[in-house]
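Quick one: structure below, then a few questions.
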Amino acid sequence: MNSTPATTAPPVDTSGNVITRLWRHEESRSVIIQIVTMVVLFALLALAARNVAINLEAIGKEFSFDFLWSTAAYDITFSPFIEYTSRDTHMRAMWVGIGNTLLVAVCGIILASILGFLMGVMRLSKNWLVSRIVYCVIEFTRNVPVLLHILLIHGVIVTTLPPPKQAIPLGEHFFISNRGFFVPAPVFEEGFWLVVMAFIAAIVAIVFFKRWAKKVQDATGKIYPVFWISLGLLVGFTGLMFLLTGMPLSWDFPVLKGFNYKGGMALRPEFLALWLALSYYTASFIAEIVRGGIISVSHGQTEAARALGLRQNRVLQLVVVPQALRVIIPPLASQYLNLTKNSSLAIAIGYMDVVATIGGISLMQTGKEMETMSIVIVIYLIFSLTISAIMNWFNRRMKLVAR
Amino acid sequence: MKFKPTLILSAATLALGITSGAQAGTLEDVQKRGSLNCVVSTGVPGFAYTDESGEWHGFDVDFCRATAAAVLGDAKKIKAVTSTGKTRFTLLNSAEGDVLWRNTTITFSRDVGVKLRFHGVNYYDGQGFLVSKDLGVNSAKELDGASVCIQTGTTTELNLADYFFANGMKYEAVPIETNDEGRQNYLAGRCDVYTTDASGLAATRSTFTDPANHIILPEIISKEPLGPATRHGDDQWSDIVTWVYYATVTAEEKGVTQANVDEMKSSKDPEILRLLGVEGNQGEELGLPADWAYQIIKQVGNYGEIFDRNIGPNTPIGLERGLNALWTEGGLQYSPPFR
Ligand SMILES: N[C@@H](CCC(=O)N[C@@H](CS)C(=O)NCC(=O)O)C(=O)O
């Protein structure tokens, strides 16, 4: 409710009482409206809170978070980060849920970005067939609700793949079944931390090397093959340490025992379905954003860069992508937010995310609807604000770099 | 000022929320509305399911109909509010439903913590395990390492965790929302075992193409007393639901059936006369017409008739009366006197 510049303000009106005079004045009117809106808004919130309090009181419930410290009593099988049993508390079950939501959101964002960029670029391909096929794929995925994609993939995995006893082997240690994809799990032995340290040291060295190389280039124009040297540093240094410490890494292979595979790692159908569906669904939106971003860089820029004698990939790297990114990043952020929020559809296939744990089973088993739902809302709010903050930071950085 | 109408609207809904959330007067609400809202399951054969024409049937639904017959004089005037294991109490407590008839186990925490009123046990049940014969498993103790389909938000989910923990066994929990989802995942082989109330297992098995290839293991690992529930704070309504259930049991005990209920009005047994409203003023005391129980039996039937019609030995579900026989026949179904 911004007021327009006061150049056209009517002559001061002295008729009527104070209120009507204030009301006629454009600027003060806007202030009045804003105040009234705020008052009404807070009154409504207070009314809602009062309503909740009255209704809870009427059925004799109190608003309290004490239940978080009582025994959850239910099992969560999928908990890759946190040790959890049914004897743990609701609080811990909540952390398991948060971990699972984060896992699928982070994996989803990574895969969706990769797929989205690939599809976006392919959509602009000069090859008619490629761009048409990608176009059809994008239109199909974008226009079917993501819940159906999730159910579809889950259904396909569960009904078409064989049970564990007839699992399809891929090589000796990989198995595909309708209970998930079983792969060897790495077991880190003593001394592995040295390898990790070497890895970190290599990255630090690369950062310094890059700065130095840039300085040299600015001063003398000499260009080092930065990428290859960096890669060599990383692989060479880490690999050397790995050999020196006597290869402190072994594998835990999945083997069929009784009903299921034991050992190794399992990518369960619920995780796979949610991850893949969220990724390609979001990727189809990202593809369009990427396409729009690339098109938005005027053709003159590309031609000018070529005229300077830059090779095609340098044109992309130095001229097109930095400018396209400025257009791409803001809408990309909202796609990441969507993906994270859509991950709450996990409940449809029984992936134990935060909605299914604290906002589902804990809610039901304790009868604390208001409390658990408030917790879930706050958690999503934190996720969303964090993503926004990161993307804003990235956006600002891109702007500076491009200028 | 586009936002104004919306604001007024939400203010109105909030204000209305207060009135509809008010607790007493459920009977009046139902009579004014002219139909009874029952919280039922999303679908369990024999207990609550719809036929081709979309009409609701089943053991739980018949008790809902009995309540409608008593309160509105018409067993057809019901509306089914479907609920998963997780949504049922919220639906009841937010007044979406007037009463819950949905294979719901009475427990301490639901009675005291969730603040529900329970009204007796219309089905004595226990939790069992359903497995395919091909697995070659004969006892629940052999299930170490199995994948188990389990409905979230149920007592059975907690019993399962307790049972495997107590027996030092591990399992993969495959959480599902509805009975139908459980059935699909089980048949597709996503889980080795489906576990829920034994009655629910029998009902679910009856829909398989090869029911004979699946067995319910001998271990019954819990007590699942199933019964109706209402909200706190409306004693009159609680009394009505309680005595609707007792009326069906007393009718069976006294031999009053759908077929002979009219003749029974001239019975020599004073309790039957009180039940059918020929003598005394029990209907009035409940706030109902004098013939409330007559309408239940006339339109829906007594306990035994409801049982046999929906889940008894001659139905595809094929459940024996067992614990649910009358106390006079060695079972637990027992009604306090109508006096
Ligand atoms: N009696 C248990 C379990 C009841 C339950 O949810 N049973 C399942 C399987 S028979 C069911 O009724 N499902 C109905 C649905 O999916 O809507 C409880 O009260 O928690």
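The values are calculated or read from the model by the stated rules, or taken from the named source; none is laboratory data. Not measured: the values here are computed from a predicted model. Here the Cβ positions follow ideal geometry from the backbone for every residue, glycine too, while neighbour counts run over all protein chains shown. Keep in mind that these areas ignore ligands, DNA and RNA; they rest on the heavy atoms of the full protein, side chains included. Shrake-Rupley method; radii C 1.70, N 1.55, O 1.52, S 1.80 Å.
Compute the separation of the alpha-carbon centres of region B:23-57 and region B:242-257 and state it in Å as a whole number.
Cα centres, region B:23-57 to region B:242-257: 21 Å.
So which cysteines in the protein assembly as shown don't have a second cysteine's C-beta under 4.7 Å from them?
Flagged as lacking a Cys partner: A:CYS107, A:CYS136.
Under a Cβ-Cβ cut-off of 11 Å, what is the net charge of the residues other than B:ASN103 that fall near it, where Lys and Arg count +1 and Asp and Glu count -1?
-2
State which helices in chain B qualify, where a helix is a whole DSSP H run, it must extend 24 Å or more along its own axis by its Cα atoms, and its mean Kyte-Doolittle hydropathy must be at least -0.5.
Membrane-span-like by this rule: B:3-21, B:235-253.
Could I ask something else about it? Which value in nm describes the separation of the simple spin-label points at A:ILE377 and A:GLN312, placed 7 Å from the Cα toward the beta carbon?
5.4
Follow-up question, since we're still on this one. When DSSP assigns beta bridges and you keep just the ones with both residues in chain B, what percent turn out antiparallel, to the nearest 5?
50
Now for a different question. Considering the Cα trace of region B:127-222, what is its radius of gyration and what is Dmax, both in angstroms?
Gyration radius and largest Cα-Cα distance of region B:127-222: 11.9, 35 Å.
Now a separate question. What's the local net charge at B:ARG117, with K and R +1, D and E -1, over the other residues with C-beta under 13 Å away?
-2
To continue, here is another question. Cross-link partners among lysines for A:LYS262, C-alpha distance below 26 Å, same-chain residues fewer than 8 apart left out?
In chain and number order, the partners are A:LYS165, B:LYS133, B:LYS141, B:LYS170.
Using the Cα atoms of region A:252-309 to build a convex hull, what is its mean projected area in square nanometres?
Mean orientational projected area (region A:252-309, Cα hull): 7.7 nm².
Between region A:168-230 and region B:197-215, what is the separation of their alpha carbon centroids in Å?
Taking the Cα centre of each part, region A:168-230 and region B:197-215 sit 53 Å apart.
Additional query: Mind giving me the FRET efficiency for A:PHE42 and B:LEU332? R0 is 51 Å, r the Cβ-Cβ distance, nearest 0.05 is fine.
Calculated value: 0.35.
Between chains B and A, what is the buried accessible area summed over both chains (1.4 Å probe, protein heavy atoms, nearest 100 Å²)?
Answer for the B-A pair: about 3700 Å² buried.
Find the accessible area per residue for region A:139-277; the probe is 1.4 Å, ligands and nucleic acids are left out, and the unit is Å².
With all protein chains present, region A:139-277 gives 61 Å² per residue.
In debye, nearest 20: dipole of the protein assembly as shown around its Cα centre with unit charges on the Cβ of K, R (+) and D, E (-)?
4640
How many nm separate the modelled label positions at A:MET265 and B:LYS133, each set 7 Å beyond the Cα in the direction of the Cβ?
So the two model labels end up 4.2 nm from each other.
Hey, what D do you get for region A:18-58 in µm²/s if you plug the Kirkwood alpha-carbon radius into Stokes-Einstein at 37 °C and 0.692 mPa s?
D, rounded to a whole number, is 274 µm²/s.
Using helices alone, what [θ] at 222 nm do you get for chain A, with -39,500 (n - 2.57) per DSSP H run of 4 or more residues, divided over all residues and rounded to the nearest 500?
Dividing the helical sum by the residues of chain A leaves -21500 deg cm²/dmol.
Here's another thing I want to ask about it. For q = 0.12 Å⁻¹, what log10 I(q)/I(0) does chain A give under the Debye formula with an equal point scatterer on each alpha carbon and no solvent?
So the normalised log intensities work out to -1.27.
Please identify the longest segment of chain A free of exposed chymotrypsin sites (Phe, Trp or Tyr not before Pro), where exposed means a DSSP state other than H, G, I, E or B and no more than 14 other Cβ atoms within 10 Å.
Result for the longest clean stretch: A:82-403.
With N set to the residue count of the protein assembly as shown, report its C-alpha Rg divided by 2.2 N^0.38 Å to two decimal places.
For the protein assembly as shown, the normalised Cα radius of gyration is 1.22.
Related question: Could you give the nm distance between label points at B:ARG33 and A:VAL144, where each point is 7 Å from its Cα heading toward the beta carbon?
3.9
Is there a pair in B:LYS86/B:LYS298; B:LYS268/B:LYS298; B:LYS223/B:LYS254 whose C-alpha atoms are over 23 Å apart, and which pairs would that be?
In this structure, B:LYS86/B:LYS298; B:LYS223/B:LYS254 lie more than 23 Å apart at Cα.
Name the trypsin sites (Lys or Arg not before Pro) in region A:74-164 that are in a loop by DSSP and that have at most 16 other C-beta atoms within 10 Å, would you?
A:ARG87, A:LYS126
Counting only protein heavy atoms and using a 1.4 Å probe, what share of the accessible area of the protein assembly as shown belongs to carbon plus sulfur, as a whole percent?
The value for the protein assembly as shown is 64 percent carbon and sulfur by accessible area.
Same structure, new question: Using a Förster radius of 25 Å, what is the FRET efficiency between A:ILE295 and A:LYS341 based on their Cβ-Cβ separation? Nearest 0.05, please.
Efficiency, from the Cβ-Cβ distance: 0.30.
Moving on to the next point. How far is the Cα center of region A:54-124 from the Cα center of region B:115-174, in Å?
24
Taking only C-alpha pairs under 8 Å that are 6+ residues apart, what is the relative contact order of region B:127-222 in percent?
49
Rounding to the nearest 20 debye, state how big the charge dipole of chain A is about its Cα centre with +1 on each Lys and Arg Cβ and -1 on each Asp and Glu Cβ.
That gives a dipole near 1660 debye.
Counting only complete DSSP H runs, which helices of chain A cover 24 Å or more along their long axis at the Cα atoms and score a mean Kyte-Doolittle of 1.0 or above?
Result, helices passing both filters: A:26-58, A:90-123, A:192-220, A:226-244, A:269-296, A:369-402.
Let me ask you something else. When all C-alpha to C-alpha distances in chain B are sorted into bins of 10 Å, what percent of pairs does each bin hold, rounded to whole numbers?
5, 24, 30, 22, 12, 5, 1, 0
Can you bin region A:193-318 into rounded, prolate or oblate? Criterion: square roots of the alpha carbon gyration tensor eigenvalues sorted a ≥ b ≥ c, rounded for a/c under 1.5, prolate for a/b above b/c, oblate for the rest.
The shape class here is oblate.
Write down the accessible area per residue of region B:127-222 in Å², having rolled a 1.4 Å probe over the full set of protein chains.
Dividing the accessible area of region B:127-222 by its residue count gives 34 Å².
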